[in-house]
Amino acid sequence: MKLVIFGANGGTGRHATDQALAAGHQVAAVTRHPEDFPIAHPDLDVVQADVYDKEQVYKAVDATDAVVSALGVPFSRDPITIYSVGIANIIEAMHRHGIRRIVAVSSSALDPRPHAEGGFMINRVMQPMITRTIGKTTYADMAAMERSLAGSNLDWTVLRPSGLFDTDDVSEYRLQEDHADGVFTSRADLAACLVAQAGDERWVGRRVAVTTSDGAPTIWQMIRREAFGSGNA
Ligand SMILES: NC(=O)c1ccc[n+]([C@@H]2O[C@H](COP(=O)([O-])OP(=O)(O)OC[C@H]3O[C@@H](n4cnc5c(N)ncnc54)[C@H](OP(=O)(O)O)[C@@H]3O)[C@@H](O)[C@H]2O)c1
């Protein structure tokens, strides 16, 4: 299978690129900064494109079987548009090329219901605070992205991870429609799910929460990261 990966140079995107190549796929890794891309492989093309540039996106989405998006930017109180504009340009390019399958990353924060494994701190303090303040513009734009996919007439799947953390290996991650019981997702698992879903029709037209239990941080480690780190959605 040939995959085009947007956000390939990010934490999740690098895992997805590595994993897709290891699985024998051909990959076009899309980044604004090809010179910084750390992976080299005979089946890899590193493609320079900014998702705001329609023609660059059109050229990137060429002769592929599926498109994967792990695009992201840090939280900001200013309006965020990368998810909605990026996906609109990708959808248009896919229509023009006649490509149907897309798997895109959003966030479990788009479903405001409490997480069964969240407890008071996550469900009653952190999630409401983040979604009403620094995360507000990000989640509004992710919601617009999800609506565009739902109206696109493509074979789309939205993956909704929870708090991202890093591990080297893929674990037995969980998939649940719309809403996550868990509150953490490893980037390696999210990447594995992106690559697996690109070649799997079972979750077409659905929003799927992806969560990880193995090696997840504690809620207090997460709070420290949110308070002192520069995490995004
Ligand atoms: N952090 C969390 O806890 C959390 C929770 C739920 C969901 N999420 C979502 O999960 C996804 C993956 O997160 P991550 O931390 O692995 O990603 P990340 O490291 O932030 O990487 C995102 C990538 O998007 C690319 N990008 C940004 N603007 C672009 C543009 N205009 N054109 C082309 N590419 C652009 C960047 O690549 P270049 O700079 O190389 O172009 C960057 O490497 C994001 O959508 C994030 O919002 C995160």
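For the reader, a short list of remarks on this structure follows.
- Hz values of 3J(HN,Hα) by residue in segment 149-158 - Karplus curve (6.51, -1.76, 1.60), Gly and Pro given as x: 5, 4, x, 8, 6, 9, 8, 9, 9, 9
- Sparse-neighbourhood loop sites, GluC sites (Glu not before Pro) in segment 146-233 - DSSP loop, at most 16 other Cβ within 10 angstrom: Glu172, Glu201
- 3J(HN,Hα) from dihedral phi, segment 32-45, Karplus parametrisation 6.51/-1.76/1.60, rounded to Hz, x for glycine, proline: 6, 10, x, 5, 8, 7, x, 9, 10, 6, x, 9, 10, 10
- When you filter the trypsin sites (Lys or Arg not before Pro) in segment 44-115 for DSSP loop state and at most 12 other Cβ atoms inside 10 Å of their Cβ, you are left with Arg77.
- Over segment 85-194, relative contact order from alpha-carbon pairs under 8 Å, at least 6 apart, %: 38 percent
- Dipole of the chain, positive end: most advanced residue of Ser171, Leu149, Phe37 [Cβ charges, Cα centre]: Leu149
- Relative contact order [Cα under 8 Å, 6+ residues apart], segment 2-228, whole percent: 20 percent
- Prolate/oblate/rounded call for segment 1-139, Cα gyration tensor, a/c under 1.5 rounded: prolate
- Rounded to the nearest 20 debye, the dipole size of segment 2-228 about its Cα centre is 740 debye, using +1 on the Cβ of Lys and Arg and -1 on the Cβ of Asp and Glu.
- Gain upon complete extension [Asp36, Arg124; 0.36 nm per residue less C-alpha separation]: 27.7 nm
- Qualifying aspartates and glutamates (Cα of each under 20 Å from Cα of Lys54; at least 8 residues distant if same chain): Asp45, Asp62, Asp65, Glu92, Asp141, Glu146
- Under Karplus coefficients 6.51, -1.76 and 1.60, residue-wise ³J(HN,Hα) of segment 201-206 in Hz, glycine/proline x: 9, 5, 10, 5, x, 10
- Translational diffusion coefficient (Stokes-Einstein; Kirkwood radius from C-alpha pairs) of the chain at 37 °C, 0.692 mPa s, in µm²/s: 186 µm²/s
- Rounded to the nearest 500, the helix-only mean residue ellipticity at 222 nm of the chain stands at -10000 deg cm²/dmol, with each DSSP H run of n ≥ 4 adding -39,500 (n - 2.57).
- Additional length obtainable on full extension of the chain from Asp53 to Ser213, 0.36 nm per residue less Cα span: 53.8 nm
- Charge sum, other residues only, whose C-beta stays under 13 Å from Ala216's C-beta, Lys/Arg counted +1 and Asp/Glu -1: -3
- Normalised by the number of residues in segment 1-129, the average gap of Cα pairs under 8 Å and 6 or more apart makes the relative contact order 24 percent.
Computed from the coordinates by the stated procedures, all read-outs in this text should not be read as laboratory data. In this text, all values refer to a predicted model and were calculated from it rather than measured experimentally. Note that we place each Cβ from the backbone using ideal geometry, even for glycine, and neighbour counts take in every protein chain shown.
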